[in-house]
Amino acid sequence: MDSLKGQLTPRGCIIGLVGCAIITASSVYTALKLGALPWPIIFAAIISLFFLRALGSRSLNEANVTHTIMSSGAMVAGGLAFTIPGAWMLGLADEISVPEILVVTLGGVALGLVCTGLLRRYFIEEARLEFPMGTAAAQTLKAGSAGGKVGKKLFGTMGLAGLYTAAKNLVPGIPAIFFGNVSIPGVAFGIYNSPMMLAVGFLVGTGAVVAWFAGAVFANFGLVVGGTAAGLWSVEAAGGIVSSLGMGLMMGCGFTVICKNILPSGMRALRRAMAKKENESDYQPRHPERSEGSSRSLAGLAALLVAAAALALCLGLGVSPLVSVAVVVLTFVTTAMSAQSVGQTGIDPMEIFGLIVLLLVAAFSGTAQAALFLIAASVAVACGLAGDVMNDFKAGHVLGTSPAAQMTGQAIGAVVGSFVAVGVVVLLLGAYGPDAFGVGKEFVAAQASVVATMVTGVPSVPAFVIGIVAGMALQWVGLPAMMIGLGVYLPFYMSFSGFLGAMVKVAYDAVQKRRMRNLSPEERERRTVEAQESGLIVASGVLGGESIVGVVLAMLAVFAA
């Protein structure tokens, strides 16, 4: 418990929970209204730092734990908003009750917390993924504390990006996608008008983004354009093949990450623990009974949460015990996929992971459609929470925050956020009715619309199977299967925009290298480090500016509704 002192505090919990309720409510509205959900982590970090400073706190770790609580409900809200309204679009509103929605939400939270607790060491300490949002949050807190040139650079860039984001959302005539009028059948061509996407491409790294873009080019111009031109399939069929292949690639990657990296890592940790226990005669800890009891308590709590989630699915949804166990196992795989996706790209396609599990359950069981949507919601909540938790862990790793304090704060915020998210979803359904949800209606709910469209089955089973096999093979030999799969699945304009951000990084590095070519080796090394830090700060500011303004605009939309 010593690691919690000074980091998880009563004042931090109060500030975090008030912010959590506001951000969660606005996130539900944003996800349904706009079909998008900006990461709230930067906004939450700044607000937490501001209020804690006003109360006399100078601790970055306390601010980090506070913003962990504050942002934890947003992705829970996304998991619900990206799945459940699909059932309303199919006329199943009367077949899903409020208690059922709450049960699957809390079950998803429990599974998400347990899975990310088990995955943290691998993704944060061993794989050392970028987690651009978490890195940006840590830089924001450090800059806010340091002030001076660093603070001016970050917050100045953040302000400019925020102003641009506000303008593109409020001023008529500014397109959401540049060159979107270029017509290529089956290809969503263009450049996403989003500073955040450019910043993500800059932060993630050239190699990973090139793999991401290669997947996009192969899918859109190879399979869609090339395949239709060769007469192999229609444009509509090509869309189904591409989406099925992309989901398969990501699923295969997830299986391989578990089998190749996470399970062996866990076995090594178990062997080390057993070896340490055998040598206890040579060294006795100060409080052996406390250490052993604490480990047993954590393991027991994790097992209890997993069992409770499986039981909730079994009893609450009326599915068989075998289906409940399968959903729990698949949730572990998909949370690993979510963590890798967020770590490499800053993107968490949680509804895709929920859809993958939905389709697998539907293919091998007679589960009713209403229950399938609830299963998808539970998985999406777990995966959304996993992305948020891993970003927070990354920020904590940079700042030296206690993982135990962060996990405790995340659990507090996620549970409170679950009740808020379910309440807002039910409130909007009651106020507008089920017919208000769908493309071209009051709430576009784009992701839920995709889930509703695909609930009857995988568009192309052969492409899905090929994707799983290819994803496993690529990941096993060390190639970035998740990035390739994302490129195959996501709209081309998103992949293209991230690629442009990576090219900005290439140009920036080339300019800096040219400027330093006549310096001494020692001075060149010092300047290189400064240039890298400067680029990181500016990119974090750009990313943070759009995410903050996105959250603020969402709040205004909720209050104006």
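Just a few scattered comments:
- Filter result for the condition that a residue is open to solvent by less than 50 Å² (accessible area, probe 1.4 Å) and modelled with pLDDT of 85 or more, over LEU55, LEU32, LEU37, LEU60: LEU60
- Those helices (runs of 4 or more DSSP H) lying entirely in segment 1-96 with at least 3 residues in contact with a Cys (Cβ under 7 Å, 6 or more places away or on another chain): 60-81
- A search for C-beta distances below 6 Å between a residue of segment 516-536 that is surrounded by 11 or more Cβ atoms within 10 Å (Cβ to Cβ) and any residue that is assigned to a helix (DSSP H, G or I) and basic (Lys, Arg), counting only pairs 6+ apart in sequence or on different chains, returns MET516/ARG524; MET516/ARG527.
- Only a single item in (1) in a helix (DSSP H, G or I); (2) open to solvent by 20 Å² or more (accessible area, probe 1.4 Å); (3) aliphatic (A, V, I, L, M); (4) at pLDDT 85 or above is not met by VAL422, and it is number (2).
- Flag for LEU360 being without any contact (Cβ under 8 Å) to a residue 60 or more places away in the chain, part of a helix (DSSP H, G or I) and under 15 Å from CYS115 (Cβ atoms): no
- The condition of being open to solvent by 10 Å² or more (accessible area, probe 1.4 Å) and modelled with pLDDT under 90 holds for ALA404.
- Taken as a whole, the structure places ALA368 among residues that are open to solvent by 10 Å² or more (accessible area, probe 1.4 Å) and either closer than 25 Å to PRO99 by Cβ or touching a His at 6+ places or on another chain (Cβ under 8 Å) (or both).
- Every test in (1) open to solvent by 10 Å² or more (accessible area, probe 1.4 Å); (2) farther than 18 Å from VAL98 by Cβ; (3) in contact with a Phe, Trp or Tyr (Cβ under 7 Å, 6 or more places away or on another chain); (4) of a type outside the set (Val, Ile, Thr) is passed by MET390 save one, and that test is (1).
- Residue check for LEU479: of a type in the set (A, V, I, L, M, F, W, C) and either in a helix (DSSP H, G or I) or at positive phi (or both): no
Results for (1) at pLDDT 85 or above; (2) open to solvent by 10 Å² or more (accessible area, probe 1.4 Å), shown as yes or no for each residue.
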| residue | (1), (2) |
| --- | --- |
| VAL306 | no, yes |
| LEU317 | no, yes |
| THR345 | no, no |
| PHE364 | no, yes |
| SER378 | yes, no |
| VAL398 | yes, yes |
| THR408 | yes, yes |
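- From the list LEU399, LEU372, LEU427, the lone residue that is in contact (Cβ under 8 Å) with a residue 60 or more places away in the chain and more than 16 Å from SER71 (Cβ to Cβ) is LEU372.
- Being surrounded by fewer than 16 Cβ atoms within 10 Å (Cβ to Cβ), within 26 Å of ASP348 (Cα to Cα) and of a type outside the set (D, E, K, R) holds for only one residue in VAL450, VAL469, and it is VAL469.
- Matching option when the condition is assigned to a helix (DSSP H, G or I), on the phi < 0 side of the Ramachandran plot, surrounded by 24 or more Cβ atoms within 10 Å (Cβ to Cβ) and not acidic (Asp, Glu), among LEU106, LEU102, LEU111, LEU118: LEU111
The values are calculated or read from the model by the stated rules, or taken from the named source; none is laboratory data. Model, not experiment: these values are computed from the prediction. Note that each Cβ is placed from the backbone with ideal geometry, even for glycine, and that neighbours are counted across all protein chains shown. Side chains included, ligands, DNA and RNA excluded: accessible areas come from the protein's heavy atoms. Shrake-Rupley method; radii C 1.70, N 1.55, O 1.52, S 1.80 Å.
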